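Worksheet for the structure shown next.
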2 protein chains.
Amino acid sequence: MAQVLYDFTAEPGNNELSVKEGETITITNQSIGGGWVEAQNSRGEVGLVPEDYIEVSYIVSVDVKSMEEMPADEALRCEFSHNSCSRNIYKCSIIVVHSAFFCACDLKTNNLVYTNLTSGAEDDEWDDEWDDMKSTGGYAESEAGESGALQRGGSHATSMKISLNKFPGFSKSGPELYLLCKQLVKGKDRLPIYMGEVGPVWSYPETQLDCVVADPKKGSKMYGLKSYIEYQVTPSTTNRPVNHRYKHFDWLYERLLEKFGSAIPIPSLPDKQVTGRFEEEFIKMRMERLQGWMTRMCRHPVISSSEVFQLFVTYKDEKDWKMGKRKAEKDETVGVMVFSTMEPEAPDLDLIEVEQKCEQFSRFTKSMDDGVKEILTVGHEHWKRCTGPLPKEYQRIGKAFQNLSSVFTSSGYQGESALTDAMTAAGKTYEEIAQLVAEQPRKDLHHVMETNNEYKGLLGCFPDTIGVHKAAIDKVKEGDKLVAASKITQQDKVTMAKRASTMSYALQAEMNHFHSNRIYDYNRVMQLYLEEQVKFYETIAEKLRQAHSQFTTM
Amino acid sequence: MAQVLYDFTAEPGNNELSVKEGETITITNQSIGGGWVEAQNSRGEVGLVPEDYIEVSYIVSVDVKSMEEMPADEALRCEFSHNSCSRNIYKCSIIVVHSAFFCACDLKTNNLVYTNLTSGAEDDEWDDEWDDMKSTGGYAESEAGESGALQRGGSHATSMKISLNKFPGFSKSGPELYLLCKQLVKGKDRLPIYMGEVGPVWSYPETQLDCVVADPKKGSKMYGLKSYIEYQVTPSTTNRPVNHRYKHFDWLYERLLEKFGSAIPIPSLPDKQVTGRFEEEFIKMRMERLQGWMTRMCRHPVISSSEVFQLFVTYKDEKDWKMGKRKAEKDETVGVMVFSTMEPEAPDLDLIEVEQKCEQFSRFTKSMDDGVKEILTVGHEHWKRCTGPLPKEYQRIGKAFQNLSSVFTSSGYQGESALTDAMTAAGKTYEEIAQLVAEQPRKDLHHVMETNNEYKGLLGCFPDTIGVHKAAIDKVKEGDKLVAASKITQQDKVTMAKRASTMSYALQAEMNHFHSNRIYDYNRVMQLYLEEQVKFYETIAEKLRQAHSQFTTM
């Protein structure tokens, strides 16, 4: 079974089948290839339909009940008959099986077991599938899982891929389009770069835009067959909420990446991975990360003031949104052409300086990437210990005290109760400490992990951004050779050097923006972390002080 | 080579060799058997000498240097050619090899690898051997070991074995000697039992004796060939110190066990096991445990006022000590006969009551033994975690913060130093926390472990003590049968019942003594533990508060 996403009109004589958005069809042959499947509509007509126009959502049945009762150490071998995939997974908290993915959280390793069942499946489908699940019953929750810590430091921060192949004749590897273009964009799209105290800086607005992502609500379409989550986005400028689904965020991300990706690292959206044990937890986590992403976008002066971003946060009605959407998709000042809108108000830099800056940023972002990854690894380990063996140990200490106390109660000796009451209280205190320890990572380490995950994502974008600059530098270096070979004119060569300088100013402005944000973010997250850590240790000390006061030596 | 411990005069015609205390002889044949070895003296005379009269101390050479340089994970296979023993041990902190034992602390498992090389070897030799080591070079210390936590919750609290076989015709299993003896001991040895608030109680002295065990000093004999440790024991009554070697404590223990063991559980001395990584640590630990043992003995009204104990703590000179020693060894009011000195000032109990009390104490001590062992197991686990993986993790967290901080320093961005200074400080704070965590068990858990180890030892003595009572009860139950078979008279039967009642009063007095001490000890150790725990968490909170104050958000 599949749902039709968009209208498709069959071309006569091609054995195609016309379908309408919302229609339900049956796939009769999935292995046609070339982006086509064979399907049958409700009237019995059979024909080819483009794969991209439909959404297949069948559920491979998995006996979840038997899985929950299965000892934690026993592996379940999942085999999927329609492709060669098979995996060993242990007792899991969430199992999601549908046409594109098999996904489960392995409680033994705390890793996400994740298998792409069909090689052609796109991540894009994921969000909708997740939204779908409640209605189709395609996931199960095990309440028993005790070590179901979140998958951390994981893969959700994937690097951005700059898509430049939208422009005919534009080589993926080169910034020549901008370096050699005849006319630069003028007008309201102009992006000035000023010289600030720290060097080149973007033009910052007087008041910073801020957005609140809140109030996730279930919406549904297709008569309830299909449900999804809609988030309320409220910008500080209008204070008027607009609704967006995850796929709308994804659309915005794609637009920003296309338009600004060569100059500004656009961090990926929170990934489509299952991170929560329960649906509510998953939605909360996704919302938190969407909020983080939006906040970072709002903080960026170039992005937050861009037309497409403004459309996203302030569209008036459905018509406004659809028109803006179409316009944004038609924007041609994208890819390296974004540099053509930039106007540094400073003298041109020579090539050596441009190259030095580029090298410096490259080194810095690489070593910061290592540092951030180290924190994520260590944090992940610590998270596991704090939610796994450590609280268990405190619990056992608490139980041991309480057990001895109950033995003492049976002594028959007079004047026993003062000691046994105190020992029981001490035992309970250690059980409380066990709980505090287990809950603590969500209160403090969580923020450290989230911030570093965000930075890992951001830093993963730099190699592409820096790559564009390096390519430009190489091109400028070839200048004399190109002139000699009459491929470009002397004037072209001068223009190229000037434009490489503009690119460098942009990179420097972006780095300065990055640094200032980084200093703020790390100060903030460390403050938050240490504050919660202090509270944590103080709470334990206070509990122990109370337990201590109950003991008396004669 | 062997040293002669005591004078031995050969019996003519038996191929024996006369030797004198302090003489050095050479073993020429160790496999004579029957407790004899063949030896040669310095004059070349050869003959048989009793094994017990000499002390063999040769060192099996082990290449300790290569062991220290060996990776921690690599096993060393030690093979001893003179018997079939071979063991895999990992990098170790202490290796002791001599005629009787191969002993090493395995740093990987934290277990003591301990092999009795000769099956006939007695633990008794151990102490002297240890004392010997410095001079003979039979041990080595690895300073590199990082996880050399003490062997905890281990075997040092072995149960006492009541030696009753000193008296001809006295059956090991039975208390008949006392139940049926013709005349009870009278006079100054009398041990009254009073009725106190909690039931039968011993007669407590007005001021409690206390002893300080301190100032371990190395002594030597045999021209420095043999060295030993002497402890200073100072009783609160005379405030005059006397000196004792471990073997003297052991002698005292044997006397107390013989004399009081049927009525009063006499805990074993701290065992002869290697518990410290370094000699000083070992001596300190042994002294601490000897102090604990002495304190417990001093607190016991019957033991502390006994002649042999008083001799041990207040002997005037060597002559006084030797005379007292001889007298104590000749004491015949030992074993079950100690009950003949006891005089309860209360009406006789009937057998049912006697039996009920005995059952109740048996149940209680058994379940307390379980409770204590649970605490030792849990504590041992916790100790390992606190000195092993946990501080390592905090260290890694600290390093990760510091590494990121040093990356930030390289940014070239202005106004970076406030953040990097703060992050470095935070990183160092976590390294300090690592150290605090690793050191904490010695400050708090140590006391919990020591107290519970003491109680484990004490509780291990109860089955024997209670066994004597059960045997007496069984005997009394047989009374009618024995009368019918004319094995005892009717009067004997009445006497037996009366004496079983006396034994029961003694057991109750002892239990009440045990309970009151237990309540005091557990209150005290829990107070101590929780006090140090509070300090620990407060110290960490304070350190983190300081680290927190260095961060500033703009």
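Scan the range B:367-406 for residues that are of a type in the set (Lys, Arg) and touching a residue at least 12 places away in the same chain (Cβ under 8 Å) and report the count.
Of the residues in the range B:367-406, 4 are of a type in the set (Lys, Arg) and touching a residue at least 12 places away in the same chain (Cβ under 8 Å).
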- prompt: How many residues does the range A:310-347 hold that are under 26 Å from residue A:192 (Cβ atoms), under 27 Å from the mean Cα position of the chain (by Cα) and of a type in the set (Ser, Thr, Tyr)?
  reply: 2
query: Looking at (1) over 18 Å from residue B:340 (Cβ atoms); (2) of a type outside the set (Lys, Arg); (3) touching a Phe, Trp or Tyr at 6+ places or on another chain (Cβ under 8 Å), can you tell me which one residue B:509 breaks?
result: (1)
task: Only residues that are at the interface with chain A (Cβ under 9 Å from one of its Cβ atoms) and either among the basic types (Lys, Arg) or under 27 Å from residue A:357 (Cβ atoms) (or both): list them for the range B:376-403, please.
output: B:385, B:396, B:399, B:403
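Somewhere in the range B:346-358, is a residue assigned to a helix (DSSP H, G or I) and either at the interface with chain A (Cβ under 10 Å from one of its Cβ atoms) or more than 30 Å from residue A:410 (Cβ to Cβ) (or both)?
Pass one, the range B:346-358, residues assigned to a helix (DSSP H, G or I): B:351-358.
Then drop every residue that is not either at the interface with chain A (Cβ under 10 Å from one of its Cβ atoms) or more than 30 Å from residue A:410 (Cβ to Cβ) (or both), which leaves B:357.
Yes, the conditions are met somewhere in the range B:346-358.
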query: Is it the case that the range A:328-338 has a residue that's within 14 Å of chain B (Cβ to nearest Cβ), of a type in the set (Lys, Arg) and assigned to a helix (DSSP H, G or I)?
result: no
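Output yes when any residue across the range B:484-492 is within 27 Å of residue B:513 (Cα to Cα) and in contact with a helix residue (DSSP H, G or I) (Cβ under 9 Å, 6 or more places away or on another chain), and no when none is.
no
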message: So, in the range A:344-354, how many residues would count as being crowded, with 17+ Cβ neighbours inside 10 Å and touching a Pro at 6+ places or on another chain (Cβ under 9 Å)?
response: 1
task: Determine whether the range B:240-249 contains at least one residue that is of a type in the set (Ser, Thr, Tyr) and touching a strand residue (DSSP E or B) at 6+ places or on another chain (Cβ under 9 Å).
output: yes
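Restricting the range B:409-430 to residues that are of a type in the set (D, E, K, R) and in a helix (DSSP H, G or I), which is surrounded by the fewest Cβ atoms within 10 Å (Cβ to Cβ)?
We begin by selecting, within the range B:409-430, every residue of a type in the set (D, E, K, R); these are B:416, B:421, B:428.
Now drop any that are not in a helix (DSSP H, G or I), which leaves B:421, B:428.
Values: B:421: 14, B:428: 17.
Going through the qualifying residues, I end up with B:421.
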statement: Of the residues in the range A:376-389, those that are surrounded by fewer than 22 Cβ atoms within 10 Å (Cβ to Cβ) and more than 16 Å from residue B:397 (Cα to Cα) come to A:388, A:389
field: Verdict on residue A:373 being more than 30 Å from residue A:189 (Cβ to Cβ) and surrounded by fewer than 22 Cβ atoms within 10 Å (Cβ to Cβ)
entry: yes
- request: Please note which helices (runs of 4 or more DSSP H) are completely contained in the range B:437-554 and include at least 3 residues that are in contact (Cβ under 8 Å) with a residue 24 or more places away in the chain and buried (at least 18 other Cβ atoms within 10 Å of the Cβ).
  value: B:445-477, B:490-549
statement: The one condition residue B:547 fails out of (1) closer than 30 Å to residue A:517 by Cβ; (2) away from chain A (no Cβ under 11 Å) is (2)
- prompt: Do we find a residue being in the same structural domain as residue B:500 (by TED's automatic domain parsing) and surrounded by fewer than 16 Cβ atoms within 10 Å (Cβ to Cβ) anywhere in the range B:332-342?
  reply: yes
query: Considering the range A:365-375 alone, what residues qualify as being β-branched (Val, Ile, Thr) and more than 8 Å from chain B (Cβ to nearest Cβ)?
result: A:365
- line: The correct count of residues that are more than 26 Å from residue B:442 (Cα to Cα) and hydrophobic (A, V, I, L, M, F, W, C) in the range B:505-546 is 5
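If I go through the range B:519-539 residue by residue, how many of them are charged (D, E, K, R), closer than 28 Å to residue B:299 by Cα and more than 8 Å from every other protein chain (Cβ to nearest Cβ)?
So in the range B:519-539, the residues charged (D, E, K, R) come out as B:521, B:524, B:531-532, B:535, B:538.
Adding the requirement that they be closer than 28 Å to residue B:299 by Cα leaves B:521, B:524, B:531-532.
From what is left, the residues that are more than 8 Å from every other protein chain (Cβ to nearest Cβ) are B:521, B:532.
So the answer is 2.
Here are A:362, A:411, A:406, A:417: which of them is of a type in the set (S, T, N, Q), more than 22 Å from residue B:437 (Cα to Cα) and facing another protein chain (nearest Cβ under 7 Å)?
Details: A:362 fails: facing another protein chain (nearest Cβ under 7 Å); A:406 fails: facing another protein chain (nearest Cβ under 7 Å); A:417 fails: facing another protein chain (nearest Cβ under 7 Å).
Matching residue, one of A:362, A:411, A:406, A:417: A:411.
Is it the case, given these coordinates, that residue A:366 is in the same structural domain as residue A:553 (by TED's automatic domain parsing) and more than 30 Å from residue A:547 (Cα to Cα)? Can you show your working first?
Working: in the same structural domain as residue A:553 (by TED's automatic domain parsing): yes; more than 30 Å from residue A:547 (Cα to Cα): yes.
So residue A:366 fits the description; yes.
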message: Can you pull out every residue in the range A:420-435 that is within 11 Å of chain B (Cβ to nearest Cβ) and not β-branched (Val, Ile, Thr)?
response: A:422, A:423, A:425, A:426, A:427, A:430
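So that you can scan it fast, the table gives a plain yes or no per residue for (1) among the aliphatic types (A, V, I, L, M); (2) touching a helix residue (DSSP H, G or I) at 6+ places or on another chain (Cβ under 9 Å):
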residue	(1), (2)
B:494	yes, yes
B:497	yes, yes
B:500	yes, yes
B:511	yes, yes
B:516	no, no
B:523	no, yes
B:527	no, yes
B:542	no, yes
B:551	no, yes
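The values are calculated or read from the model by the stated rules, or taken from the named source; none is laboratory data. The structure presented is a predicted model; accordingly, all values stated were derived computationally and were not measured. Reconstructed Cβ throughout: ideal geometry from the backbone, glycine too, with neighbour counts over all protein chains shown.
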